[in-house]
1. Does segment A:81-90 contain any residue that is of a type in the set (Asp, Glu) and more than 25 Å from A:LEU31 (Cα to Cα)?
2. For A:ILE117, are the conditions met, namely being touching a Ser or Thr at 6+ places or on another chain (Cβ under 8 Å), within 14 Å of another protein chain (Cβ to nearest Cβ) and of a type in the set (Val, Ile, Thr)?
3. Please verify whether B:SER98 is farther than 28 Å from A:GLU154 by Cα, within 14 Å of chain A (Cβ to nearest Cβ) and among the small types (Gly, Ala, Ser), treating the condition exactly as stated.
4. With the structure loaded, tell me whether A:LEU95 is surrounded by 15 or more Cβ atoms within 10 Å (Cβ to Cβ) and farther than 14 Å from A:LYS12 by Cα or whether it fails that test.
5. So A:VAL73 fits all but one of (1) among the hydrophobic types (A, V, I, L, M, F, W, C); (2) within 17 Å of the chain's Cα centre (by Cα); (3) farther than 30 Å from A:GLY147 by Cβ; what number is the exception?
6. Please specify each residue of segment B:9-28 satisfying the condition of being touching a residue at least 40 places away in the same chain (Cβ under 8 Å) and over 30 Å from B:GLN129 (Cα atoms).
7. Only one of these conditions is not met by A:LYS190: (1) at pLDDT 95 or above; (2) more than 10 Å from chain B (Cβ to nearest Cβ). Which number is it?
8. Could you please give the count of residues in segment B:169-184 that are farther than 20 Å from B:ILE75 by Cβ and facing another protein chain (nearest Cβ under 8 Å)?
2 protein chains.
Amino acid sequence: MGYKVPVGISNKHLHLSDQDLAALFGADHKLTPYKELVQRGQYAAEEQVDLVGPKGVFKSIRIIGPTRPQTQVEISKTDARALGMDPPVRESGKLAGSPGIKLVGPKGEVTLGEGTIVALRHIHLSPSQAAEAGVKDKDLVDVKTYGTRPVIFEDVLIRAGDAHFREFHLDTDEANAAGLANGNEVEIVKK
Amino acid sequence: MGYKVPVGISNKHLHLSDQDLAALFGADHKLTPYKELVQRGQYAAEEQVDLVGPKGVFKSIRIIGPTRPQTQVEISKTDARALGMDPPVRESGKLAGSPGIKLVGPKGEVTLGEGTIVALRHIHLSPSQAAEAGVKDKDLVDVKTYGTRPVIFEDVLIRAGDAHFREFHLDTDEANAAGLANGNEVEIVKK
């Protein structure tokens, strides 16, 4: 049997730079943590913004803190269709050439030149968890799911390090396709 | 290499009984074919209805003809969430215990007692295609996809017979999760 990892489903959300946080919520505004996440130091914030695409709007989308060097909006392909966009599937932080989007906050608006992606599914592991699973940072593994719609996700990226903790991140399309709910366990099937 | 099958993505749609067709569009109304489908004798009809769930509405949803013994509404899990429903993943025609839904047509409304499902992904094959692929009706096979989000769909149902023609039917969640578009080829990996 392979190493077991619980599922964490990412609904559409965004990360903000300090500059964009100030533009949307006012100068010197600080994010207010609403719920701690499994990944160390990360939290869902109280703050929300609207995402405005060419063909649609999503109201009140959650910000994940803390702030980052560059603003990043993560949506599913289903969300993208509703917005009238076609963002690439990308690893977090790799935003070059991805489409922009308009953000509307309580104190202002920001029109990004780039930064909208469909997040590449990945597994977070601490160093000891990675050792136990027999994998290392940047490895690609296959992940087997169980339930009513069993699937093997191929070429799933391993992200291992001190800031990481055992969790398989996938988006709502992927979770729905596999019939997965938060906390369901999947299994690493090594290459 | 396994047998190749093109993808056909099912967006939300419904099949109507003669009785429900009459209730929604008027007595003696006949469906008007709009586009022939790959599966023999089936067509997207000109006619559309609204789907009304506990928490949401989808306007102008396409009817697939011809009529059937029982009305069947097929939606994705993403659609189901928007409607406020939790239908089971089911093979076509297996509707016992599935949730009802309200349909609104130009001449009347129908509130179904059951009939809303998330369609079980499946592969249609003619008898000669099934022979070529080395599978038979009701077999379960694994299906490998290619592209930016490669996946193996496990336990995919084979539906082989004279009314069937080579096509892998999956819903929009599954297509988005695998990064598939209509006509992309996938491969049967036999059990």
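1. Going residue by residue through segment A:81-90, those that are of a type in the set (Asp, Glu) are A:86.
Adding the requirement that they be more than 25 Å from A:LEU31 (Cα to Cα) leaves A:86.
Within segment A:81-90 (the criterion being of a type in the set (Asp, Glu) and more than 25 Å from A:LEU31 (Cα to Cα)), the answer is yes, since at least one residue qualifies.
2. Working: touching a Ser or Thr at 6+ places or on another chain (Cβ under 8 Å): yes; within 14 Å of another protein chain (Cβ to nearest Cβ): yes; of a type in the set (Val, Ile, Thr): yes.
Spelling it out, A:ILE117 is indeed touching a Ser or Thr at 6+ places or on another chain (Cβ under 8 Å), within 14 Å of another protein chain (Cβ to nearest Cβ) and of a type in the set (Val, Ile, Thr).
3. yes
4. Working: surrounded by 15 or more Cβ atoms within 10 Å (Cβ to Cβ): yes; farther than 14 Å from A:LYS12 by Cα: yes.
Yes.
5. Tallying (1) among the hydrophobic types (A, V, I, L, M, F, W, C); (2) within 17 Å of the chain's Cα centre (by Cα); (3) farther than 30 Å from A:GLY147 by Cβ, A:VAL73 fails exactly one: (3).
6. Going residue by residue through segment B:9-28, those that are touching a residue at least 40 places away in the same chain (Cβ under 8 Å) are B:9-18, B:20-21, B:23-26.
If the condition is that a residue be touching a residue at least 40 places away in the same chain (Cβ under 8 Å) and over 30 Å from B:GLN129 (Cα atoms), then B:SER17, B:ASP18, B:ASP20, B:LEU21, B:ALA23, B:LEU24, B:PHE25, B:GLY26 are the ones that fit.
7. It fails just one condition, (1).
8. Number satisfying all stated conditions: 1.
The values are calculated or read from the model by the stated rules, or taken from the named source; none is laboratory data. Source: prediction; values computed, not measured. No Cβ is skipped: glycine too gets one built from the backbone with ideal geometry, and neighbour counts run over all protein chains shown.
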